[in-house]
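Colleague: So that we are looking at the same thing, I have put the structure below in structure tokens.
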Amino acid sequence: MYKESGYWDSRYERERELPAAGGHEWFGLYPDFAPLVRRQLRPGLRGLVLGCGTSSLSSYLYKEGVSPIISIDYSPICIKEMTERNAGIPEMSWMVMDARKLQFPDGSFDLVIEKGTLDSMMVDEKDPWNITPATVSLVDEVLNEVSRVLAPSGCFISITFSPPHFRTRHYAQPKYGWSVSCDTYGRDFHYFLYTMLKGGKLTHRDIERGQSLHKPRVIPDAMPTISEYEDEDFLREIQL
Ligand SMILES: C[S@@+](CC[C@H](N)C(=O)[O-])C[C@H]1O[C@@H](n2cnc3c(N)ncnc32)[C@H](O)[C@@H]1O
């Protein structure tokens, strides 16, 4: 359901009715990962937030000096709410838009950021090692658009619960023209913050990871059993 815009409309509608409405945050608040984002900030960055929902991320970035900042979501309900909540701040704008079809000219932004938006597009996947071609192409549509609207030396930040062995291969495609790096944050449960720098180079390892996206991962019919690991007797020595 996370893939359907109707799901998000009714969810944001319901949340508006709650007495303590104030916005739901996926993967934590900005202060949880601010030091990782601040490395990329400099005065006068033009920002774009993809799939903003009712998150406070855009407001935090605006306070950090990212201005103007445009936040888009395909749910008109959350865009209406965020427009009302932030009325009076002309440098922050809110638009109903599909992240797969960004209505901005090439090179319009220095910083593009998403938190949980790509995750919501991948929820149907049963096996994270073998993503279906339909989802690979859905994510690719968004990434093509992000690469297009990023200015030279621009930065794309993606915040997710998906670790590098599953997510890097989506980002590590030479056609996007960026480098990829990953950091983690969080205490008990860790989240991942990927930084893509336009004009940067992919490492050989990342290129290999990127190529693996288009090859099905073969799982051997017979998995080795413990007795086949001759040098690993220590496993039997463990006293529980
Ligand atoms: C998991 S929520 C994350 C919301 C917010 N970024 C946060 O951090 O709390 C995913 C958001 O992405 C939006 N979304 C999903 N697919 C989208 C698309 N193709 N275009 C624009 N927004 C999309 C949903 O409407 C929803 O608001």
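The values are calculated or read from the model by the stated rules, or taken from the named source; none is laboratory data. The shown structure was predicted, so the numbers you read here are calculated from the model rather than taken from an experiment. Quick reminder, even Gly has a Cβ in these numbers, built from the backbone with ideal geometry, and neighbours come from all protein chains shown.
Colleague: Looking at (1) outside any helix (DSSP H, G or I); (2) hydrophobic (A, V, I, L, M, F, W, C); (3) free of Cβ contacts under 8 Å to residues at least 40 places away in the same chain, can you tell me which one Met82 breaks?
Modeller: Single failed check for Met82: (1).
Colleague: Output the residue which, of all residues in the stretch 63-74 that are away from the ligand (no atom under 15 Å from the Cβ) and closer than 21 Å to Pro35 by Cβ, is surrounded by the fewest Cβ atoms within 10 Å (Cβ to Cβ).
Modeller: Lys63
Colleague: Considering every residue within the stretch 18-37, establish whether at least one is part of a helix (DSSP H, G or I), at pLDDT below 95 and more than 14 Å from the ligand (Cβ to nearest atom).
Modeller: No: zero hits.
Colleague: Determine which single condition Pro43 fails, assuming it passes every other condition in (1) more than 16 Å from the chain's Cα centre (by Cα); (2) within 11 Å of the ligand (Cβ to nearest atom); (3) surrounded by fewer than 16 Cβ atoms within 10 Å (Cβ to Cβ).
Modeller: Of (1) more than 16 Å from the chain's Cα centre (by Cα); (2) within 11 Å of the ligand (Cβ to nearest atom); (3) surrounded by fewer than 16 Cβ atoms within 10 Å (Cβ to Cβ), only one is false for Pro43: (2).
Colleague: Output the qualifying pairs, or none if there are none: Cβ atoms under 7 angstrom, residues six or more apart or on different chains, first residue in the stretch 86-108 and surrounded by fewer than 15 Cβ atoms within 10 Å (Cβ to Cβ), second residue of a type in the set (Gly, Ala, Ser).
Modeller: Glu91/Ser67; Gly107/Ala151
Colleague: A further question on this structure: If you scan the stretch 117-133, which residues turn out to be touching a residue at least 12 places away in the same chain (Cβ under 8 Å) and either away from the ligand (no atom under 13 Å from the Cβ) or within 10 Å of Ser162 (Cβ to Cβ) (or both)?
Modeller: Result: Leu118, Asp119, Met122, Pro128, Trp129, Asn130, Ile131.
Colleague: Report those helices (runs of 4 or more DSSP H) wholly inside the stretch 97-187 carrying at least 1 residues which are within 17 Å of Val37 (Cα to Cα). First the steps, then the outcome.
Modeller: Numbers: elements: 117-121, 133-149, 164-171.
Answer list for the stretch 97-187: none.
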